[in-house]
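For reference, the structure discussed in these notes is given below.
The numbers here are math on the coordinates, done by the rules we state, and not lab data. Not measured: the values here are computed from a predicted model. For neighbour counting, all protein chains shown are included, and Cβ atoms are generated from backbone atoms with ideal geometry for every residue, glycine included.
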């Protein structure tokens, strides 16, 4: 199967939700979880528009990158 790393066997489940997807794909980073959740249901929850959800996902991912840079800087300073 081409790109088999994108596929998971869920034949034992009747339905899956976002939290099962996180588990199946081992998504443990809270920023990634938040952004994925926003993007998968963008504008569908009746609270925010699709654009608002996409902007919030973008902001969350930007913060995650900022956190990585902070961690890298801290590690460099410890050497």
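In table form, for the structure just shown:
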read-out: From the C-alpha gyration tensor of the chain, square roots of 5λ in Å; value: 28, 21, 10
read-out: Relative contact order of the chain, defined on C-alpha pairs under 8 angstrom at six or more residues apart (%); value: 22
read-out: Neighbour-count order for 72, 26, 53, fewest beta carbons within 10 angstrom listed first; value: 26, 72, 53
read-out: Taking 71, 9 and counting other C-beta atoms within 10 Å, the order from fewest to most; value: 9, 71
